[in-house]
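Working notes, beginning with the structure itself.
Every number here is computed from the coordinates shown, using simple stated rules; none is lab data. Please read these numbers as outputs of a predicted model, since none were measured by experiment. So basically every Cβ, Gly included, is an ideal-geometry build from the backbone, and we count neighbours across all protein chains shown.
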Amino acid sequence: MTDWVNPLRDKRDKRMPRIAGPCGIVIFGVTGDLSRKKLMPAIYDLANRGLLPPSFSLIGFARRDWADEDFGQVVYEAVKKHARTPFRQEVWDRLSEGFRFVQGTFDDDAAFGRLAETLEKLDAERGTGGNHVFYLSIPPNAFQQVCEQLQKSGLANPQEGRWSRVVIEKPFGHDLQSAQELNEVVNSVFPEESVFRIDHYLGKETVQNILALRFANELYEPIWNNNYVDSVQITMAEDIGLGGRGGYYDGVGAARDVIQNHLLQLLALTAMEEPVSFGPKELQIEKIKVFSATRPMQPLNETTARGQYASGWQGSEKVVGLLEEEGFSKDSKTETYAAIALEVDTRRWAGVPFFLRTGKRLGRRVTEIALIFKRAPHLPFDKTMTEELGQNALVIRVQPDEGITTRFGSKVPGSAMEVRDVNMDFSYGSAFAEDSPEAYERLILDVLLGEPSLFPVNREVELSWEILDPVLDYWAAHGKPEAYESGTWGPASADEMLHRMGREWRRP
Ligand SMILES: NC(=O)c1ccc[n+]([C@@H]2O[C@H](COP(=O)([O-])OP(=O)(O)OC[C@H]3O[C@@H](n4cnc5c(N)ncnc54)[C@H](OP(=O)(O)O)[C@@H]3O)[C@@H](O)[C@H]2O)c1
């Protein structure tokens, strides 16, 4: 007799909270900025929400000569300062029982031996089950060495039925060739399904909501194409400058730092076709199709712009220009503002430019995706009645003030027929009682659960460099970025770029 199989057994209710199974996470670079501000607080927030297993262990690896208790104190301070959820002593006490610290440098074989011993002990004492995440929160030039050490020490090769996963942070290379080399190194140690590349934008609720907005509704998808959409603007603007981060940013610049990863991922979710399901493979297939069809519009001297902030104002504070910031050479050509126009060469998007821009020390901190619609083909009004009518727009507000705005024309109250733009808003803050989790909470939990949907695969990374490389090469061969005053919306050449194409940047 065959066993009866419950047909619903595998149909997990996706609304139920998902709790990670037994495991531990090793953070390399635990003393760094990312670890203190994002990773440790996110781990505490997950524990506070009851999403970590009782056996969960956190192992710090760094050069400082710390005992486990010193490490615990560092985590405590990071959690107190940056955690999203309230501090609860009982959660902290339980979590901190699983803290361990291993002192060492990346070239020290003995230190990796001690790490292996520590993990083995934790498996036995706390029941972490031989399942380990290795989080490389370290400078990219150390990725290769740490991967090789993990291989040499046997940590990258889990025993049967157990798993090892590696998490890497952007930048994933600085051009196509270096990205391929990096992928080769990482994939020579970890199979692709064990590699989790963090693009923290994909962990944001508002970014995942693009898929809900498009594919759970009937309202938008019929007009989500070149019949109705005139152009798309994707913006990530920061109001802060680069004081204190010179070492990392000089020679990298805005396009590599933001467009190659965050903005191209937003473009992919905006432009892709409906996936067969929301499984990781199915999402990847659609994103890869978009990247394969995307290229910079030509000629690049007319369809790109770049700038470097000069002195000016950040709010009420007088601020210096990039070249006066510590850590930048006086003749630095690093751009702090980048704008590019892309075409997505598909039936849906033929003829619709996608304008991507990012910059530092701009007028406001805002990230948004704006679909700008074509004008109505006919307006049965006197011209004076619609002088203040702009183009309809649908704006996905990624941060801050997360939500969606629809802009359309409405009659101004009164006896005359005058039409003016108005906004209709959905705001996460007022529509839902619950706060959104931080992107890192979602992404770390997904790594522990082995759910890869929100992590770009190597092919996506390589294709996004293929899109950006021609622009970077063109810029490298042609002059330097144009200065723009801090606190404004970027260089004049960026405005000219859009004017030439008969458009204007939004002023969010
Ligand atoms: N910070 C962010 O918001 C952010 C955002 C996105 C991506 N990232 C990426 O995340 C990674 C970490 O960034 P971060 O801002 O945290 O950098 P960071 O503040 O400079 O920290 C780097 C960490 O690596 C350690 N380290 C460097 N060289 C080492 C060596 N030879 N041996 C042992 N430890 C070494 C440092 O230890 P010591 O303290 O001993 O020097 C420190 O803990 C980078 O890949 C970065 O590109 C960061």
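For Phe426 and Ser311, the difference between the fully extended length at 0.36 nm per residue and the C-alpha to C-alpha distance is 37.8 nm. Using Cβ point charges alone (K and R +1, D and E -1), the dipole size of the stretch 24-169 about the Cα centre works out to roughly 600 debye. In the neighborhood of Thr405, defined by Cβ-to-Cβ distances under 12 Å, what is the net charge if each Lys or Arg adds +1 and each Asp or Glu adds -1? Once positives and negatives cancel, what remains is -2.
The phi torsions of the stretch 380-395, fed into the Karplus equation with coefficients 6.51, -1.76 and 1.60 and a -60° offset, translate into couplings of x, 10, 5, 4, 5, 6, 10, 4, 9, 8, x, 8, 4, 8, 10, 10 Hz, rounded to whole numbers, with Gly and Pro shown as x. Lysine pair count for the stretch 24-169 (Cα-Cα distance under 19 Å; residues 8 or more apart in sequence or on different chains): 4.
Each Cα pair under 8 Å and six or more residues apart adds its sequence gap; the mean of these over the residue count of the chain is a relative contact order of 17 percent.
Are there GluC sites (Glu not before Pro) in the stretch 132-178 that DSSP puts in a loop and that have at most 13 other Cβ atoms within 10 Å, and which ones? Those that pass, being in a loop and sparsely packed, are Glu160. In this structure, the amide hydrogen of Thr294, modeled 1.01 Å from its nitrogen in the peptide plane, lies closer than 5 angstrom to those of Asp345, counting only residues at least 5 positions away or on a different chain.
Relative contact order for the stretch 24-169 using alpha-carbon pairs under 8 Å, separation at least 6, rounded to a whole percent? It would help to have the intermediate numbers written out before the result.
Working: 209 pairs, mean separation 43.6, N = 146.
For the stretch 24-169, the relative contact order is 30 percent.
Looking at the stretch 412-487, the GluC sites (Glu not before Pro) that sit in a DSSP loop and have at most 11 other Cβ atoms within 10 Å of their own Cβ are Glu434.
Site pair Met297 and Asp107 shows an inter-label distance of 5.0 nm when each label is modelled 7 Å from Cα along Cα→Cβ. Helix 176-189 versus the longest principal axis of the chain: what angle, 0 to 90°, nearest 10, using Cα atoms? Result, in degrees: 30. Taking the DSSP bridge list for the chain and keeping only pairs wholly inside it, about 55 percent are antiparallel. Magnitude of the charge dipole for the chain, about its Cα centre and with charges confined to Cβ atoms of Lys, Arg (+1) and Asp, Glu (-1), is about 900 debye.
Rounded to the nearest Hz, the phi-derived 3J(HN,Hα) couplings of the stretch 442-451 under the Karplus curve 6.51 cos²θ - 1.76 cosθ + 1.60 (θ = phi - 60°) are 4, 6, 5, 4, 4, 5, 5, 7, x, 9, where x marks glycine and proline. With a Förster radius of 30 Å applied to the beta-carbon distance between Glu192 and Ile240, the computed FRET efficiency rounds to 0.25.
Relative to the longest principal axis of the Cα atoms of the chain, the long axis of helix 68-82 lies at roughly 20 degrees.
Other residues whose C-beta falls under 9 angstrom from the C-beta of Pro140 contribute a net charge of 0, scoring Lys and Arg +1 and Asp and Glu -1.
Of all aspartates and glutamates in the structure, the ones whose alpha carbon falls short of 12 Å from that of Lys289, not counting any fewer than 8 places away in one chain, are Glu273, Glu274, Asp345, Glu460.
For the chain, the mean residue ellipticity at 222 nm estimated from helices alone is -9500 deg cm²/dmol, where every DSSP H run of n ≥ 4 contributes -39500 (n - 2.57) and the total is divided by all residues, rounded to the nearest 500.
Helix 109-126: angle to the longest alpha-carbon principal axis of the chain, degrees 0 to 90, nearest 10? Rounded to the nearest ten degrees, it is 80. Dipole orientation for the stretch 24-169: of the candidates Gly32, Val102, Gly154, Gly32 has the Cα lying most toward the positive pole (charges on Cβ; Lys, Arg +1; Asp, Glu -1). Near the amide H of Ala156, within less than 5 Å, lie the amide hydrogens of Gln151, all on another chain or at least 5 residues away, with H placed in the peptide plane.
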